[in-house]
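Peer 1: Handing you this structure, nothing more for now.
Throughout, read-outs are computed from the coordinates displayed, never taken from laboratory work. Keep in mind that what you see is a predicted model, and the values were worked out from it rather than measured. Quick reminder, even Gly has a Cβ in these numbers, built from the backbone with ideal geometry, and neighbours come from all protein chains shown.
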C-alpha cells in the first residue's frame, strides 16, 4: 500500500505535520512532532464555523482522491475522535462524500 494513502496532514499556518491514523494521539505531544513549514497562504473561511482561533488545514488522501478542509481546533478534534454533531457530519458528507474519517460506521444513526 502506498503510504501517502493513509497519511493525515495538519497545517495550522505556522507548521505542517503528517501522521498516520495510528499515531493521531501524538497530536497532543507537540514537542515530539517533526514539523515542516506551513503551506497556508492567507487565512481562509473555516469549514464548519466562524471561529477565529486555531485554523488547521486538514488533508487526507482517501480512495485515490485528496480532500482538504479548513477546520477550527474544536471541529478537527471532533472529526478525529468521531464525535461530530449530526449537522456537521451531514455538511462534510454532502460536501466531500464519504471518506475514512466520516464513515457511517463511526456514527450510529
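Peer 1: Grab the beta carbon distance between residue 33 and residue 81, set R0 = 22 Å, and tell me the FRET efficiency rounded to 0.05.
Peer 2: It comes to 0.75.
Peer 1: So, one more: Could you give the Stokes-Einstein D for the stretch 3-106 in µm² per second, using the C-alpha Kirkwood radius, 25 °C, 0.890 mPa s?
Peer 2: 174
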